Amino acid sequence: MKGIFIDAGQGMDAVLRKVTLPDDPPVAVNPVDRVAPEELPGLISGHDFVLDDHSMMPAGAMRQCKGLKHIIFLGTGARSYMDPEQLAELGITVHIIKGYGDVAVAEHAFALMWAAARDLAAMDRHIRAGNWQRIEGAQMRGKTIGLLGFGGIAAEMASICGGAGMRVLAWNRTPKSAPDVTFVDLDTLLAESQILSVHLLLNDETRGFLNAARIAKLRPGVILVNSARGAVIDEPAMIAALQSGRIRHAALDVFVEEPLPPGHPLTKLENVTLSAHSGFWTPEATETLLRRGLDIARRVCGIA
């Protein structure tokens, strides 16, 4: 069996070579950042499995990829790029990789939280424009952070925040427990969190989960951090709450539309800190991601 890494751009090809073992199944490399759907059949046909970083894989195009049995999506958000159920009907199994970047994303979320609390991005903008404008910030020690969803990333976030002297609350859709974390009902989480950090997976049940009604239940002046998926939050409702001051500041690594279009309302608000969906992107996380992808390839190829 053989595979192909269809979008190994941005240095991913070098990382793949670094983590590949001598007895791994052969993987051809296409060193581009993204592959258009119409190019997929000519590129993939004849391969048993494919590694996909972030190229769209619609069922119509995949139907023409003869011989393909497995898609190894390099991340957790495969549904943003393909329909696993439709692909299953074509005999193609979609594999995702969880946990590879839990530490990286949690550290990024923590950094966003701190930048928002101290308005670092706003001061940076003012200084670059020639203005020396001090902005009063907030101390995080003793503050209450609420974790909306509690998976691996949230667990790492809880550990970091607990170490910083914060009170950690959490809500999850299914019961969980963790050391030094107090699990509460959703209304309590929304009402008591001085910082709300979003950690929900995106699916049909969580799309738009933080809607206008739930945003109205947030503690006034809350800092909102989202390192999960943009569509988990009702974006227009969030923008309205930022404009009214209900949300003091939003620190966002993810958006409903990515890349964020020029002139988007979020880019015009002073009380927003933005990063380019890069929380997962560290050398350590990338190496772990590709090694786990190759481990899946070994398994589907029957290599012990």
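Restricting to region 78-107, and then to whatever is more than 19 Å from ASP53 (Cβ to Cβ) and among the small types (Gly, Ala, Ser), can you tell me which residue is surrounded by the most Cβ atoms within 10 Å (Cβ to Cβ)?
Of all residues in region 78-107, those more than 19 Å from ASP53 (Cβ to Cβ) come to 85-86, 88-91, 103, 106-107.
Within this subset, residues satisfying the condition of being among the small types (Gly, Ala, Ser) are 88, 91, 106.
Details: ALA88: 12, GLY91: 9, ALA106: 24.
Step by step, filter region 78-107, then rank; the result is ALA106.
Is at least one residue of region 240-261 part of a helix (DSSP H, G or I), closer than 26 Å to THR76 by Cβ and not assigned by TED's automatic domain parsing to the domain that holds SER55?
no
Determine whether VAL225 is within 15 Å of the chain's Cα centre (by Cα) and over 23 Å from ILE96 (Cβ atoms). The answer is yes for VAL225.
Condition (residue is surrounded by 18 or more Cβ atoms within 10 Å (Cβ to Cβ) and closer than 30 Å to GLU192 by Cβ) applied to region 134-141: is it met by at least one residue? Checking region 134-141: at least one residue is surrounded by 18 or more Cβ atoms within 10 Å (Cβ to Cβ) and closer than 30 Å to GLU192 by Cβ.
For region 225-238, the tally of residues that are in a strand (DSSP E or B) and free of Cβ contacts under 8 Å to residues at least 40 places away in the same chain stands at 2.
The residue list LEU202, LEU196 contains one member that is in a strand (DSSP E or B), under 24 Å from GLY152 (Cα atoms) and in contact with a helix residue (DSSP H, G or I) (Cβ under 8 Å, 6 or more places away or on another chain), which is LEU196.
Kindly indicate whether any position in region 216-223 is surrounded by 24 or more Cβ atoms within 10 Å (Cβ to Cβ), assigned by TED's automatic domain parsing to the domain that holds GLY146, in contact (Cβ under 8 Å) with a residue 24 or more places away in the chain and within 21 Å of ILE153 (Cβ to Cβ). The answer is yes; a qualifying residue exists. Only residues that are more than 17 Å from ASN203 (Cα to Cα) and in contact with an Asp or Glu (Cβ under 6 Å, 6 or more places away or on another chain) were counted across region 72-89, and they come to 1.
The values are calculated or read from the model by the stated rules, or taken from the named source; none is laboratory data. Because the structure is predicted, anything quoted here is derived from the model rather than measured. So basically every Cβ, Gly included, is an ideal-geometry build from the backbone, and we count neighbours across all protein chains shown.
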